[in-house]
1. Given a cut-off of under 8 Å on Cα pairs at least six residues apart, what relative contact order in percent is computed for the chain?
2. Could you give the accessible area per residue of the chain, probe 1.4 Å, as a whole number in Å²?
3. Please identify every one of the trypsin sites (Lys or Arg not before Pro) in the chain that sits in a loop by DSSP and has no more than 11 other beta carbons within 10 Å of its own beta carbon.
4. Largest first, how would 59, 10 line up by accessible area (1.4 Å probe)?
5. Could you tell me the number of lysine pairs in the chain with C-alpha atoms less than 16 Å from each other, where the two lysines are 8 or more residues apart or belong to different chains?
6. Under a Cβ-only charge scheme (Lys and Arg +1, Asp and Glu -1), can you give me the dipole magnitude of the chain about the Cα centre, in debye to the nearest 20?
7. Could you report the accessible area of residue 40 in Å², rounded to 10, computed with a 1.4 Å probe on the protein chains as they sit in the structure?
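The values are calculated or read from the model by the stated rules, or taken from the named source; none is laboratory data. Since we're looking at a predicted model, the values are computed, not measured. Every residue, glycine among them, receives a Cβ derived from its backbone with ideal geometry; neighbour counts consider all protein chains shown. The accessibility values were calculated without ligands, DNA or RNA, using every heavy atom of the protein model including side chains. Shrake-Rupley method; radii C 1.70, N 1.55, O 1.52, S 1.80 Å.
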Amino acid sequence: MTGKHSKIRYLTLDILKPHFPDIVDFSSMIMEKVTGVSKIRTEITEIDQDTESIRMEVYGDNIDIDNLKKVIKELGASLHSIDEVIVEH
């Protein structure tokens, strides 16, 4: 949780997800369900038999990180790490 005046503007996430939903639907569902998200860039970094590793860049005005984590889990994926963040006042 950020300070009461801090806003999360950008995140780079390392996520392991099943093949379905594909990255278009996965990204679209996050965009629809997470408050504060204005743009998502997603790339597949590795594919194996059952899963895909993806790098996701999330942009926004005040990203709800708790809800973001919840939605990722609801979509059957696992957040491995938050690799980069921009927080502003």
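1. Reported relative contact order: 47 percent.
2. I get 61 Å² per residue for the chain.
3. Listed in order of number, the matching sites are 4.
4. Greatest to least solvent exposure: 59, 10.
5. 7
6. Here the chain has a charge dipole of around 460 debye.
7. 40
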